[in-house]
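Here's the structure we're looking at; comments come further down.
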Amino acid sequence: MRVLVVEDEQAMAESLAWGLQADGYVVEVADNGEDGLWKAQENVYDVIVLDVMLPRLDGYQVCRRLREKGRWTPILMLTAMDEDLDHAEGLDSGADDYLAKPFSYPVLLAHLRSLTRRGLGTRPAVLTAAGLTLDPATRTVTNDGVPLDLTSREISVLEFLMRRKGRVVSKTDLLDHCWDTAFTGGPAVVEVHIHRLRRKIETAATPVIVTLRGRGYLIPDEPT
Ligand code: CA
């Protein structure tokens, strides 16, 4: 197994490389995002361990650019904070898994084993609901195969709802996950976006997003 470790903290990078080599991995290290991105494109790895906070390009950007270029090497993101927001952003950018620092080495190994077992370089699963298909990697949405012209925010909102299919999502949840923390507007902006989104994805006969007054929104689970 060949692993690329992209980590700027030297002590962390060295101990990871040392441990992984002892466990039989072939390890290469990059100490900044640009170098990591370059190595990941030039070489073939079975898995990439990618720190989020990196000089030059952060982990999210590295991940997103790799996915945009059609590189599906499994990526384990190392996040500094164990917060939902980071996880959402990590998954949005196309990461396969994440691990919050500080972590124990055996847990890291377990994550790497699980990632490499799942199949190498496979394209991440697309999300589907009511004839809609959303590809989180390319951030494109089609309706019965026809591409839809959605804004980036509309795609984020739709993806958030699709990932929670069958569950009620409150306007606050949407604000927290689809708008950045600098946004100071209220829930009305969510209503506006849901309204526009509906006009683009729904025909009169097939509502996709259900409004639950006072609770939020729901994309119903489909019987399988
Ligand atoms: Ca770092």
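The values are calculated or read from the model by the stated rules, or taken from the named source; none is laboratory data. Remember, predicted model here, so these are calculated numbers, not experimental data. Cβ sites come from the backbone with ideal geometry, for glycine too, and all protein chains shown count toward neighbours.
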Cβ pairs under 6 Å, 6+ apart, first in the range 6-19 and under 19 Å from Pro106 (Cβ atoms) and within 14 Å of the ligand (Cβ to nearest atom), second among the β-branched types (Val, Ile, Thr) and at pLDDT 95 or above: Ala13/Val5; Ala13/Val29; Leu16/Val5
Matching residues, the range 191-224, being at pLDDT 85 or above and of a type in the set (A, V, I, L, M, F, W, C): Val192, Ile194, Leu197, Ile201, Val208, Ile209, Val210, Leu212, Leu218, Ile219
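A quick yes/no check of all residues on (1) in contact with a strand residue (DSSP E or B) (Cβ under 8 Å, 6 or more places away or on another chain); (2) closer than 25 Å to Asp96 by Cβ; (3) surrounded by 17 or more Cβ atoms within 10 Å (Cβ to Cβ):
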site: Thr128; (1), (2), (3): yes, yes, no
site: Asp149; (1), (2), (3): no, no, no
site: Arg153; (1), (2), (3): no, yes, no
site: His177; (1), (2), (3): no, yes, yes
site: Glu191; (1), (2), (3): no, no, no
site: Ile194; (1), (2), (3): yes, no, yes
site: Glu202; (1), (2), (3): no, no, no
site: Gly216; (1), (2), (3): yes, no, yes
Output for the range 185-224, where each listed residue is free of Cβ contacts under 8 Å to residues at least 60 places away in the same chain, in a loop (DSSP other than H, G, I, E, B) and in contact with a helix residue (DSSP H, G or I) (Cβ under 7 Å, 6 or more places away or on another chain): Pro187, Ile209
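Hey, any hits in the range 179-190 for a residue that's within 17 Å of Ala129 (Cβ to Cβ) and at pLDDT 85 or above?
The initial filter retains those residues of the range 179-190 that are within 17 Å of Ala129 (Cβ to Cβ), namely none.
Among the residues of the range 179-190, not one is within 17 Å of Ala129 (Cβ to Cβ) and at pLDDT 85 or above, which makes the answer no.
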Whichever residue in the range 23-72 is away from the ligand (no atom under 16 Å from the Cβ) and acidic (Asp, Glu) and, among such residues, is surrounded by the fewest Cβ atoms within 10 Å (Cβ to Cβ): Glu42
